[in-house]
Every structure is written in C-alpha cells, then in structure tokens.
Amino acid sequence: MTAEAKTVTPPLTERQEARRRRILHASAQLASRGGFDAVQMREVAESSNVALGTLYRYFPSKVHLLVATMQDQLQHMHTTLRKRPPAGEEPAARVAETLMRAFRALQREPHLADAMVRALTFADRSVSPEVDTVSRLTTAIILDAMGLDAPPTAEQLSAVRVIEHTWHSALITWLSGRASIAQVKIDIETVCRLIDLTGAGAGAGAGAGAGAGAGAGAGAGRGSRAGKA
C-alpha cells in the first residue's frame, strides 16, 4: 500500500448498471459493423440513450470503452466455457481446446475482435485497471481449463503468462492477415505444451475452480456476443 490513498469506486446502482450494459451493448454493435473506427463516442451515446457527458463519466475514452467491452466478452466466454468445459484428458489439451474455442468465437465477429485488440494495443497507463481485468479473466479461463486441484505454482503461473502472450499475439497476426487459422492452432497447441513441463497433469482434473478467484471483476453488458464459444 503506498502513502497515496487509492480511490475506491462505489458499486453501481441497479440503474447505473443497466445504463452501463446499454453502453457496452452499443459499443459491441458498432464495433461488429465497422471495427475500431466505427465506434464513435457520440454514436455510442445516441445508441445507448445516454447523454454524451454521462458516457464520458463511465468511459473517459473510446479505448477505455472498448477494453471494457473486451472484459465483458471474456466474462461471457468464461461463463459459457464453465457450462461446457473442454473434454481433453490432459491439462495442455484442455487449455488448447479452450483457447481455440475462444478464438473461433472471436473469429465469428472479426470487426469486433479487431476493435477490442486494437484498443488493448493502444491502451496507456490510464487504462491499466481495465487491461489488468482483461488479463485476470484470461488467466482465470486458462486456469479453469487446466483443472488444478491446488492453487497454481509460480512456475504454472509463469507458463500461463507465456500462453496469454502467445494467444494475444496469435490474434494480432491473424487479424492482420499474417497468419492462417491453421497456423494459429499450431502455435496455441505448441505453447500449451509448456503446461506439461510444470507437472500440471499430476492430480489435475477436468473440473473448473482454480481460476475462479482470478476472474472477478468484469462488467456485465451483453451486447453483440463474440463469446458464444
């Protein structure tokens, strides 16, 4: 804890949460139609029936808004994947299957995926809390797929970080047309083999749970759903 007091954001009221959901829905819809450039704050405000000033109080910039949209999409993916967990016997295979399902969900909404990934790329320090939440959600998805019976070790968390970086890089190269779906699959399966080196296969079941705590914190708008994994 630093000497500088941290600002604690009070929880949203039911009305505020409903307004936030409308904003995220409008953001996802606009991004799905035209990508990053199609998400204009004035249009988002009009589509979600909120004042422009109100929109900026919730999301100070388009980058903040689109990173929050990615949080929401990942939260929905996480919920879907928990209802239908991967079927592989080994942790590495389950994680690879999970990430490819998430990738295919994003593939169905390429403009939305491109907008969200570009926002993450453009994010500066002011967007750090939102970016951290995206990272925590991705970690939670991977840990749930691993199905660990105990808290992850430092070595396992290190492997998860490398897997996250590779998945994000694979998204960027696919969106830019520099990698095929087949190449993305190979890259994901290759990096997931790191899990085998951490001993995660010993006593790891297919059940979810180890990553549950890491996934707290994403918003709840249900806009255009890339997350139907």
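Read the figures in this text as sums done on the coordinates, not as results from a lab. Keep in mind the model is a prediction, meaning the values are calculated, not measured.
Can you give me the Cα centroid spacing of segment 104-134 and segment 151-190 in angstrom? Measuring centre to centre over Cα atoms gives 15 Å. Annotation: extensible slack from Thr80 through Ser180 equals 33.5 nm (criterion: 0.36 nm per residue apart, minus Cα-Cα distance).
Let me make sure I get this right: for segment 63-215, a, b and c are the square roots of the gyration tensor eigenvalues over alpha carbons, sorted descending. Under 1.5 in a/c it's rounded, otherwise prolate if a/b > b/c, else oblate. Which is it? Verdict is prolate for segment 63-215.
For segment 17-22, 3J(HN,Hα) computed residue by residue from phi via the Karplus equation (6.51, -1.76, 1.60; θ = phi - 60°) reads 5, 5, 5, 4, 4, 4 Hz, glycine and proline entered as x.
Residue separation times 0.36 nm, minus the C-alpha to C-alpha distance between Thr173 and Phe122: what's the value?
Working: separation 51, 0.36 × 51 = 18.36 nm, distance 1.61 nm.
Stretched fully, the Thr173-Phe122 segment lengthens by 16.8 nm.
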